[in-house]
Amino acid sequence: MNKSTVILRGMGYISQPKHWCKDSSAKDSSGIPTLPESRDAYSFCMVGCLQRATKDEGIKHLYETNALDTVSKAANLFRGGSLLSVSTVNDSTRTTHEDVMTIMTLAAFIALSEE
């Protein structure tokens with residue numbers, strides 16, 4: 001399994017603003033936090049969408065793919081080289097859905113270039 005597949009699949013989960021969230025890895029349709037792997041998960045943060053994509057691809061742990069490291073690299077490039085966690089960037093009050101999709105797209109390009 002390559003990391004670009006996990007990143008692209010994760011992007012699909014958050015492609016619409018209503019399916020992206022902050023302050024939790026995932027939320028149900030009522031906005032209540034849940035696990036990304038839950039069938040009730042309706043919206044995801046950047047980490048949560050990768051966790052869900054990993055599960056759906058039959059991979060035990062997200063860290064087996066290095067997808068999170070690649071998204072972290074993209075997020076830090078997007079934020080001008082600052083060393084912030086993916087969750088911190090996702091949850092920032094200044095981060096928009098458009099920003100998240102730009103970061104995920106950049107991560108997919110990085111992953112594809114490294115494969």
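The values are calculated or read from the model by the stated rules, or taken from the named source; none is laboratory data. Remember, it's a predicted structure, so these values are computed and weren't measured experimentally. Please note: Cβ atoms are built from the backbone with ideal geometry, for glycine as well, and neighbour counts cover all protein chains shown.
Restricted to the stretch 57-115, the set of helices (runs of 4 or more DSSP H) holding at least 3 residues that are of a type in the set (G, A, S) and within 13 Å of M46 (Cβ to Cβ) comprises 67-78. Screening S38, S30, S24 for residues that are under 16 Å from V100 (Cβ atoms) and either at pLDDT below 95 or among the small types (G, A, S) (or both) leaves exactly one candidate, S24. Apart from one condition, T88 fits all of (1) of a type in the set (V, I, T); (2) without any contact (Cβ under 8 Å) to a residue 24 or more places away in the chain; (3) surrounded by 19 or more Cβ atoms within 10 Å (Cβ to Cβ); the exception is (3).
Count, please, the residues in the stretch 30-56 that happen to be of a type in the set (F, W, Y), part of a strand (DSSP E or B) and out of contact with any Phe, Trp or Tyr (no Cβ under 8 Å at 6 or more places or on another chain). Count: 0. Across the stretch 100-109, not a single residue is classified as at pLDDT below 95, touching a helix residue (DSSP H, G or I) at 6+ places or on another chain (Cβ under 7 Å) and of a type in the set (A, V, I, L, M). The single residue among T34, T65, T70 that is on the phi < 0 side of the Ramachandran plot, hydroxyl-bearing (S, T, Y), under 12 Å from the mean Cα position of the chain (by Cα) and surrounded by 13 or more Cβ atoms within 10 Å (Cβ to Cβ) turns out to be T70. Yes or no: S4 assigned to a loop (DSSP other than H, G, I, E, B), hydroxyl-bearing (S, T, Y), in contact (Cβ under 8 Å) with a residue 12 or more places away in the chain and buried (at least 17 other Cβ atoms within 10 Å of the Cβ)? Against the criterion (assigned to a loop (DSSP other than H, G, I, E, B), hydroxyl-bearing (S, T, Y), in contact (Cβ under 8 Å) with a residue 12 or more places away in the chain and buried (at least 17 other Cβ atoms within 10 Å of the Cβ)), S4 does not qualify.
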